[in-house]
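Quick notes on the structure that follows.
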Amino acid sequence: MEERGSPKAEVASSTLAGCIRVYMFTFLDLFAGIGGFHIAAKNNGGQCVGFSEVAKDAIEYYCINHKMSKDKNLGDITKIVDPPSVDFITAGVPCQSWSVAGKRLGFDDDRGQLWNDTIYLLTKSQPKAFLFENVKGLTDKHNIEAFQYILSRIEEAGYHAAWKVLNSFDYGSPQMRERVYIVGFRDPAMLEKFKFPEPTPNKLTMHEILTGEFVDMSKVKSASRSLSKNATGENDYYVFNDARDGATTIHSWEITNTSDNQRRICEAIMRNRRKSKYGPQDGNPMSFDHIGDLLPDINKADLFRSLTALVRMNIIRRVDYRYAYNGGVGKCGDLNLPICSVIKACEEGRCLPEIFKQPALKKFSRSVVIETIKKLVEEGVLSVAEVRYDLKNSKVSTGINGVYRVFLRSCNIFPTMVASDTNDYVAMVDLPHNSKAEFLKHIALDKNYRKITNKEACRIQGFPEDFELPPTRQRWMKLIGNSVTVPVIDKITKAIVATGVFDGNNA
């Protein structure tokens with residue numbers, strides 16, 4: 001038998017659970033993570049001859065789960081000079097440079113240069129085929145020049161490629177996860193034979209993961225693809241925030257012991273804070289008089305007491321909205337910020353949002369501007385001229401007390417798995433019927449919800465339930481969230497094998 005990774009590696013076999021496993025092709029796993037590509041390639045007749053990974057946890061659990069020796073790790077991809085010659089290369093190139101969550105710096109970001117390193121190894125190893133994965137943002141119009149550059153580099157390396165954006169939900173994973181997949185062959189005839197896989201008719205659903213009950217997705221309307229609708233057309237999750245209102249929105253004053261007046265104050269702020277008459281922002285703090293005008297039946301003393309109590313309960317926050325200039329210049333020169341611009345804006349009566357927009361201050365962060373104003377107040381140069389009130393939980397994605405969304409056990413789709421985890425939870429009990437009142441009674445007030453477990457996270461991403469992971473949530477969530485979705489990779493790999501590209505290996 002020739003050495004693993006030789007240009008024309010012979011068929012290898014090994015004993016596995018009493019059976020003989022025959023390998024049709026060898027593969028190199030770049031940016032390996034915990035081995036989503038490895039599982040799919042091995043399932044389709046592949047033998048891993050090496051992998052590249054730098055994260056300590058990923059290396060540890062890659063080797064544990066795939067029975068690989070750590071000496072098979074080629075290490076930092078930027079330092080690999082002579083990669084083994086294999087039949088197939090896989091790579092989930094880090095996506096931060098192209099994702100919506102990143103800064104979208106592309107090739108101006110050092111991490112974007114990893115594409116160059118990947119294509120360099122492709123050129124050196126000369127596999128018969130490859131499969132690369134990346135975030136959908138790589139194909140967006142603002143990245144199209146960089147994406148075309150990547151495709152041209154692949155062509156220069158001697159490969160004929162096709163790409164397509166696929167959603168994991170269509171291929172056996174109960175999450176909305178769109179990624180671009182690039183498949184390439186050295187032989188153009190193989191590309192002509194290749195077809196990206198069709199969506200799976202009966203998909204794994206989140207409902208099945210949570211309850212064990214199968215859902216026939218072929219009979220579910222297309223609305224079920226949305227996170228907002230289930231099979232019957234109803235919302236299947238509740239959002240915790242105070243910025244918006246709706247049938248499935250839970251507000252902080254609904255899950256806290258508040259009076260009628262306190263609830264009315266909160267609702268008045270929520271429903272009016274986006275009106276332009278109250279300020280230049282999409283959501284504006286409101287003054288005592290604004291709130292009083294909206295609720296004239298509440299006397300001023302009761303209104304003040306209610307507002308004070310709501311601030312104490314962390315439902316409403318006080319906002320120093322406008323400042324008066326008292327004279328002087330202060331001693332804030334060390335902050336490297338044009339103090340005169342701050343003072344002038346305050347002297348003109350500009351509110352805080354308008355101060356941020358001053359041309360001379362735009363290059364500074366809001367925190368620096370606020371810190372400067374705070375020091376000027378402490379020194380007596382400025383004083384607070386107007387106080388307003390705003391909802392503390394006014395950012396939708398932040399949620400309330402660390403809870404953003406709670407998904408019912410009837411839901412079919414879960415949000416995209418991410419390395420940083422999310423404030424998304426799943427209900428621990430079923431509802432008699434889906435309504436806000438029932439949700440508050442049976443789930444929200446009693447906190448009958450939890451985060452998904454590591455076994456559930458594995459199933460969502462297509463890993464075996466017994467896949468070994470680190471003991472702490474932060475560590476295992478980072479590994480699972482950074483991984484590829486195994487069912488999608490498996491189906492694409494099957495389609496690659498089906499072209500016959502590896503038939504010459506005498507398997």
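The values are calculated or read from the model by the stated rules, or taken from the named source; none is laboratory data. Since we're looking at a predicted model, the values are computed, not measured. Using ideal geometry, Cβ is built from the backbone for each residue, glycine included, and neighbour counts are taken over all protein chains shown.
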Where Val329 falls short, out of the listed (1) closer than 21 Å to Glu254 by Cβ; (2) of a type in the set (A, V, I, L, M); (3) loosely packed, with under 15 Cβ neighbours inside 10 Å: (1)
Test for Glu60: is it modelled with pLDDT of 95 or more, surrounded by 19 or more Cβ atoms within 10 Å (Cβ to Cβ) and among the charged types (D, E, K, R): no
Conditions (1) within 23 Å of Arg274 (Cβ to Cβ); (2) crowded, with 22+ Cβ neighbours inside 10 Å; (3) modelled with pLDDT under 95: number failed by Ser394: (2)
Selection from segment 174-192 of residues that are at pLDDT 95 or above and either farther than 12 Å from Asn134 by Cβ or among the aliphatic types (A, V, I, L, M) (or both): Val180, Ile182, Val183, Gly184, Phe185, Arg186, Asp187, Pro188, Ala189, Met190, Leu191, Glu192
Flag if Ala385 is outside the structural domain of Gly33 (by TED's automatic domain parsing), among the aliphatic types (A, V, I, L, M) and out of contact with any strand residue (DSSP E or B) (no Cβ under 8 Å at 6 or more places or on another chain): no
Subset of segment 247-260 that is buried (at least 18 other Cβ atoms within 10 Å of the Cβ) and more than 16 Å from Ser394 (Cα to Cα) - its residue that is modelled with the highest pLDDT: Thr258
Residues within segment 409-462 that are among the hydrophobic types (A, V, I, L, M, F, W, C), modelled with pLDDT of 95 or more, surrounded by 16 or more Cβ atoms within 10 Å (Cβ to Cβ) and under 15 Å from Leu210 (Cβ atoms), tallied: 7
Residue match in segment 267-286 (condition: part of a helix (DSSP H, G or I), over 24 Å from Ile400 (Cα atoms) and touching a helix residue (DSSP H, G or I) at 6+ places or on another chain (Cβ under 8 Å)): yes
Some residue of segment 133-147 being under 29 Å from the mean Cα position of the chain (by Cα), closer than 24 Å to Met24 by Cβ and touching a residue at least 12 places away in the same chain (Cβ under 8 Å): yes
Considering residues of segment 284-297 that are surrounded by fewer than 19 Cβ atoms within 10 Å (Cβ to Cβ) and in contact (Cβ under 8 Å) with a residue 24 or more places away in the chain only, the residue nearest to the chain's Cα centre (by Cα): Ser287
Residue list for segment 63-94, restricted to those being surrounded by fewer than 18 Cβ atoms within 10 Å (Cβ to Cβ), in contact (Cβ under 8 Å) with a residue 40 or more places away in the chain and closer than 25 Å to Pro487 by Cα: Ile64
Among residues of segment 378-394, those that are of a type in the set (S, T, N, Q) and in contact with a helix residue (DSSP H, G or I) (Cβ under 8 Å, 6 or more places away or on another chain), counted: 2
Selection count, segment 55-69, where residues are farther than 18 Å from Pro94 by Cβ and small (Gly, Ala, Ser): 1
Tally, over segment 252-263, of residues that are under 19 Å from Ile400 (Cβ atoms) and without any contact (Cβ under 8 Å) to a residue 40 or more places away in the chain: 2
Members of segment 269-279 found to be under 19 Å from Arg317 (Cβ atoms) and surrounded by fewer than 18 Cβ atoms within 10 Å (Cβ to Cβ), listed by number: Arg271, Asn272, Arg274, Tyr278
Residue that is nearest to the chain's Cα centre (by Cα) [pool: residues in segment 463-497 that are surrounded by fewer than 22 Cβ atoms within 10 Å (Cβ to Cβ) and of a type in the set (S, T, N, Q)]: Asn482
